[in-house]
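Please read the structure below before turning to the comments.
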Amino acid sequence: MSNDKCPLKQIQERSGKLLDKWALKVDSAFEKAGEKLDEAAKWADENIPFAGELLDVRDHAKEIDELLGEYHRTTAAIYAQAGQFKEYLGKLSLGNRKSMFKALDGEMDPSELPEHVRPLYEKVRKTIDDGAQALVDAGALESKNVIKDYVKHYYKKHLDEAKENSRIAKALRQSKFFARKQMSWEQKQLREIEDDAAFAVTNTILEQKKQLAKAQTLKLFADKFAKDAPPEGAEGLKWVRISDESVGGGIKKYGALAGKYVPEDVANALAEAEMLGREMAKFNGSYYKLIDHIKVNVTVKNPFTHLYNFGSNMALAFLHGDFNEAIKTTAAWVSGSRQFKKWEDLANSLGLDSHLNDLEGLVRPLQNDSDGNILTKALKNAYMAEGSYLGDKARYLYSMEDKVFKIARFKKNLELIAKDKGFDVNDFSKFSTDELKAAMKDAQYSYVDYSTHFNGTLKLLDKSGVQPFLHYAVKSTPMVVKAALKRPDRFLMLQAMLAYGGGSAWLGADNENDNLAKPEWAESGALPNLVGVKSWMRVGSANWYFNSGRLVPGFRFDGFDKLEFNGGFVGGAINIASGKSTLGYKIEGEEDSAAEKITKRMLELTKSYFPPISPLGRYGQQLGAQATADVTGLDVAPKDYNKDDLGYGGIMARGVGVRRFNKEKEYGKELKKVRKEYEQLVPVKVPDSKDKEKVEKAKAHNKKIAKLSVADLREAKARAEAKFKRIKDAAAADGVRLNIELLKQSKQGGGAFGSFKFKFGE
């Protein structure tokens with residue numbers, strides 16, 4: 001839906017408000033900027049080798065994105081509805097769910113079902129049968145292959161008949177239902193058929209709807225792009241033939257596209273969306289899934305990440321003008337409001353997505369309830385595995401921390417439309433399809449839309465773990481910039497609040513002096529992030545600092561000037577394999593045995609990539625070590641970078657992003673830097689030594705100094721003295737007494753720096 005037909009844009013255009021008109025100008029500017037970038041990318045593709053592949057140049061980008069975007073939103077809606085269906089069926093007793101499955105599978109007369117279960121059975125039976133007929137109508141299933149009393153079979157054990165079932169599942173994914181070998185109910189039970197209707201029925205309907213959505217989308221692509229043969233005179237545009245392979249029964253694997261020709265960028269987009277097979281299935285199914293698993297471990301399963309997610313979205317809500325609505329919507333969600341549930345269901349039906357979809361994807365059936373013995377369940381909960389109580393709760397919360405803000409904006413958008421037309425916003429039937437889609441599209445974008453196209457090169461860096469979470473950073477960055485430009489009044493208010501709380505790196509900040517009391521990795525530059533929030537903000541006047549930079553969506557720029565890219569999960573794993581932490585610090589001693597080194601490396605691996613609060617995760621290990629130290633008296637308590645004991649409070653504080661910096665130590669480091677800088681200006685005595693390397697080093701040092709003029713030396717000396725004065729004044733203001741005597745001790749002899757006297761002061 002183009003912007004000129006967007007109901008929200010139309011309301012803004014009719015508005016006499018200056019900020020509304022300004023917002024439209026910003027939107028227009030961003031659209032034009034996007035067009036210019038596309039033009040630049042196409043020029044690069046034509047003139048620079050491999051630029052097209054790196055920049056992901058596409059000839060039909062807009063049309064492709066519209067069709068695939070709708071497909072992804074439809075798929076998201078299908079999963080949401082399936083989840084609701086499973087939840088609804090799950091309210092029945094297990095016995096009634098098993099009976100319903102038998103009735104659906106033709107193993108039991110529906111009249112034998114309890115009276116209160118029969119209406120639900122009839123609804124489910126009709127839904128499955130209608131789904132099969134829809135697939136027949138779409139050409140994705142032959143009518144002769146429609147199975148009476150069909151419900152998809154799942155087996156707990158992979159025996160011979162289970163293998164037959166896997167072929168059925170494969171055929172289903174390829175748009176066909178194969179007739180199944182008839183078995184007695186006893187035979188099915190022997191092969192441990194999953195007879196819980198909450199699981200089997202939900203996934204049956206899920207697969208049907210997914211296949212239908214795929215078939216319909218392929219038909220739309222065929223209508224728009226497909227040709228029987230490459231058109232003549234199509235210079236500069238490559239065409240690709242889509243396979244016309246059959247899955248049996250006259251059903252084509254790729255539906256309406258089978259045997260047709262489409263532009264290369266269209267074929268690539270469909271392949272990327274896994275609608276033309278999965279050529280990289282083995283790679284995707286192993287390595288990529290491992291990376292996604294680690295992402296989930298360090299985010300979804302980290303309770304402290306949830307706090308940052310919510311705080312980050314609250315900051316965004318303020319910029320967007322959604323703050324009040326976000327507060328009310330969050331309260332409604334927490335309280336279990338029925339009205340919120342209605343809004344959530346409506347948003348889900350329109351393809352509401354979340355960051356969780358980007359991490360885990362919508363690529364597998366809904367999971368069955370966790371089973372196994374008490375020990376198995378305990379281990380699953382400790383690891384927060386999918387299907388465990390804690391694991392599912394963590395995933396639900398993570399998803400809703402994103403969704404609740406999108407629902408808030410969605411509701412706000414519809415309230416604007418309802419007010420404009422003069423009807424009650426809670427009467428959903430009054431909204432047109434275009435109005436609902438426009439309201440949802442804006443809500444998705446405002447808090448990052450993961451269903452839209454993402455540059456293939458950047459996606460590879462993200463999915464491979466070289467730069468994990470790049471998807472979020474890339475998409476959130478222009479969104480934040482745009483929000484700030486559209487509402488400069490709110491942006492300035494945010495800056496004022498940050499400045500008042502000492503968190504601004506722009507207003508009233510002296511970053512140069514402020515950074516003196518911080519370790520290098522915590523320093524703030526002039527542009528640490530998109531809204532000028534300090535990377536680490538001091539809490540009051542104490543030595544405790546809060547990782548405020550994590551609250552800002554988008555790219556962080558501190559480190560860009562030094563090109564500090566650590567290789568993400570991949571770089572971290574390489575470091576661990578070489579006996580270092582993910583940040584490059586040594587984790588083992590020279591005297592450690594081979595067994596000790598392996599143990600330390602394995603513990604570092606689990607600390608970095610397991611769920612943080614699991615027994616082998618970051619905080620789990622630290623809490624365990626602290627407890628061991630308390631009980632045994634051994635010196636194994638976790639320490640901070642100052643070599644001070646963290647304690648339980650310090651461990652938890654680190655979790656929420658609060659750390660204690662040793663300002664005395666940091667000021668001392670700065671003093672040593674000044675001394676080193678000054679020593680580079682002072683000639684040294686050439687040693688009377690047989691060590692030729694030392695002699696040549698001293699001569700080279702003196703030769704370098706000799707080339708400097710007296711004026712240059714004085715200027716350099718003045719700069720060093722000015723740095724010292726700045727450090728001294730900052731330390732004094734911070735209540736830190738500097739160890740001047742330490743500074744005066746020269747490594748080059750005597751405490752005197754040649755013919756120059758350094759003005760240390762008192």
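Candidates E63, E46: the one that is within 30 Å of V262 (Cβ to Cβ) and at pLDDT 90 or above is E63.
Candidates are the residues of segment 627-674 that are among the basic types (K, R) and out of contact with any strand residue (DSSP E or B) (no Cβ under 9 Å at 6 or more places or on another chain); the one that is farthest from R726 (Cα to Cα) is R654.
If the requirement is being outside the structural domain of V146 (by TED's automatic domain parsing), at pLDDT 80 or above, of a type in the set (D, E) and farther than 22 Å from L135 by Cα, which of these qualifies: D292, D265?
On the way: D265 fails: outside the structural domain of V146 (by TED's automatic domain parsing).
The unique qualifying residue is D292.
From the list K209, K260, pick out the single residue that is surrounded by 13 or more Cβ atoms within 10 Å (Cβ to Cβ), farther than 30 Å from L94 by Cβ and touching a helix residue (DSSP H, G or I) at 6+ places or on another chain (Cβ under 7 Å). Residue meeting the stated conditions: K260. Here is the figure for segment 67-95: residues that are part of a helix (DSSP H, G or I), free of Cβ contacts under 8 Å to residues at least 12 places away in the same chain and over 22 Å from W343 (Cα atoms) total 1.
Across segment 572-613, what is the total count of residues that are at positive phi and touching a residue at least 24 places away in the same chain (Cβ under 8 Å)?
Summing the residues that are at positive phi and touching a residue at least 24 places away in the same chain (Cβ under 8 Å) in segment 572-613 gives 0.
If you go through segment 642-656 one residue at a time, do you hit one that is basic (K, R) and outside any strand (DSSP E or B)? Looking for residues that are basic (K, R) and outside any strand (DSSP E or B), one finds at least one in segment 642-656, hence yes. If you go through segment 611-641 and keep only what is within 24 Å of P303 (Cα to Cα), in a helix (DSSP H, G or I) and either in contact with a Leu (Cβ under 8 Å, 6 or more places away or on another chain) or of a type in the set (G, A, S) (or both), you end up with G620, Q621, Q622, G624, A625, Q626, A627, T628.
Do you know which residues across segment 676-700 are exposed (fewer than 14 other Cβ atoms within 10 Å of the Cβ) and either touching a residue at least 60 places away in the same chain (Cβ under 8 Å) or assigned to a loop (DSSP other than H, G, I, E, B) (or both)? Correct list: Q680, K685, P687, D688, S689, K690, D691. Against the test of being surrounded by 15 or more Cβ atoms within 10 Å (Cβ to Cβ) and either in the same structural domain as A29 (by TED's automatic domain parsing) or modelled with pLDDT under 90 (or both), the options A526, A499, A509 yield a single qualifying residue, A509. Those helices (runs of 4 or more DSSP H) of segment 155-254 in which at least 1 residues are modelled with pLDDT of 90 or more, considering only elements entirely within it, cover 197-225.
Looking only at residues of segment 628-660 that are surrounded by 13 or more Cβ atoms within 10 Å (Cβ to Cβ) and among the polar types (S, T, N, Q), we find that the one that is nearest to the chain's Cα centre (by Cα) is N642. Pairs meeting the criteria (first residue in segment 399-414 and under 18 Å from Y79 (Cβ atoms) and outside the structural domain of M440 (by TED's automatic domain parsing), second residue polar (S, T, N, Q) and in a helix (DSSP H, G or I), beta carbons under 6 Å, at least 6 apart or on different chains) are lacking.
Take L37 and decide whether it is out of contact with any helix residue (DSSP H, G or I) (no Cβ under 7 Å at 6 or more places or on another chain), under 26 Å from E264 (Cα atoms) and either polar (S, T, N, Q) or outside the structural domain of P478 (by TED's automatic domain parsing) (or both). So L37 fits the description; yes.
Could you tell me whether any residue of segment 533-549 is more than 24 Å from G655 (Cβ to Cβ), buried (at least 16 other Cβ atoms within 10 Å of the Cβ) and in contact with a helix residue (DSSP H, G or I) (Cβ under 9 Å, 6 or more places away or on another chain)? For segment 533-549, residues more than 24 Å from G655 (Cβ to Cβ), buried (at least 16 other Cβ atoms within 10 Å of the Cβ) and in contact with a helix residue (DSSP H, G or I) (Cβ under 9 Å, 6 or more places away or on another chain): absent.
Let's see how each residue does on (1) surrounded by fewer than 19 Cβ atoms within 10 Å (Cβ to Cβ); (2) over 26 Å from L485 (Cα atoms); (3) not aromatic (F, W, Y):
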site	(1), (2), (3)
V298	no, yes, yes
M314	yes, no, yes
A317	no, no, yes
F323	yes, no, no
A331	yes, yes, yes
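Within segment 100-109, identify whether any single residue is small (G, A, S), over 18 Å from H453 (Cα atoms) and touching a Phe, Trp or Tyr at 6+ places or on another chain (Cβ under 7 Å), and answer yes or no. Checked segment 100-109: at least one residue is small (G, A, S), over 18 Å from H453 (Cα atoms) and touching a Phe, Trp or Tyr at 6+ places or on another chain (Cβ under 7 Å). Taken across segment 76-83, residues that are among the small types (G, A, S) and at positive phi do not occur at all. Counting only helices (runs of 4 or more DSSP H) that fall entirely inside segment 382-495 and contain at least 2 residues that are crowded, with 18+ Cβ neighbours inside 10 Å and among the polar types (S, T, N, Q), the qualifying elements are 389-421, 433-446. Across segment 37-58, the number of residues qualifying as free of Cβ contacts under 8 Å to residues at least 40 places away in the same chain, in a helix (DSSP H, G or I) and farther than 21 Å from A483 by Cβ comes to 12. Against the test of being in contact (Cβ under 8 Å) with a residue 40 or more places away in the chain, within 28 Å of the chain's Cα centre (by Cα) and closer than 18 Å to D734 by Cβ, the options A484, A517, A522 yield a single qualifying residue, A522.
The values are calculated or read from the model by the stated rules, or taken from the named source; none is laboratory data. As the structure is a computational prediction, the values presented were derived from the model and not from experiment. Cβ: placed from backbone, ideal geometry, glycine included. Neighbour counts: every protein chain shown.
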